[in-house]
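Trainee: Would you mind keeping the following structure in view while I ask a few things?
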């Protein structure tokens, strides 16, 4: 279980470190609605949720504890669910 946490933590901080660059790329050319969360962040949240068998509310709490000083706006559980389940 500890090893699993290390793998997720490592990926988590990679996503946070590349947050601005990925959002800039995703929002390039958009005029109206801009994305607030990089796709890699949403994918990571879903992986964490499934891997650790967490409900969306606990996934939200884990994220808030880990990135409270790095990211100003954190997804709530409803937003996580909506992003994860939206059709591609």
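What follows draws every value from the coordinates through simple rules; no lab data is involved. Everything numeric in this text was worked out from a predicted model, so none of it was measured. Don't worry about glycine lacking a Cβ; one is built from the backbone with ideal geometry, like all the others, and counts go over all protein chains shown.
Trainee: Full extension from residue 53 to residue 13: what is 0.36 nm times the residue separation minus their Cα-Cα distance, to one decimal in nm?
Mentor: Details: separation 40, 0.36 × 40 = 14.40 nm, distance 2.06 nm.
Between residue 53 and residue 13, full extension yields an extra 12.3 nm.
Trainee: Kindly rank 55-64, 40-49, 14-23 from highest to lowest mean number of other beta carbons found within 10 Å of each residue.
Mentor: Numbers: 55-64: 16.3, 40-49: 19.0, 14-23: 14.4.
Highest-to-lowest ranking by the protection proxy: 40-49, 55-64, 14-23.
Trainee: For residue 84, project a label point 7 Å along Cα to C-beta. Then give me every residue of the stretch 24-52 with its amide nitrogen under 12 Å of that point.
Mentor: Only 42-52 fall inside the zone, counting backbone N under 12 Å.
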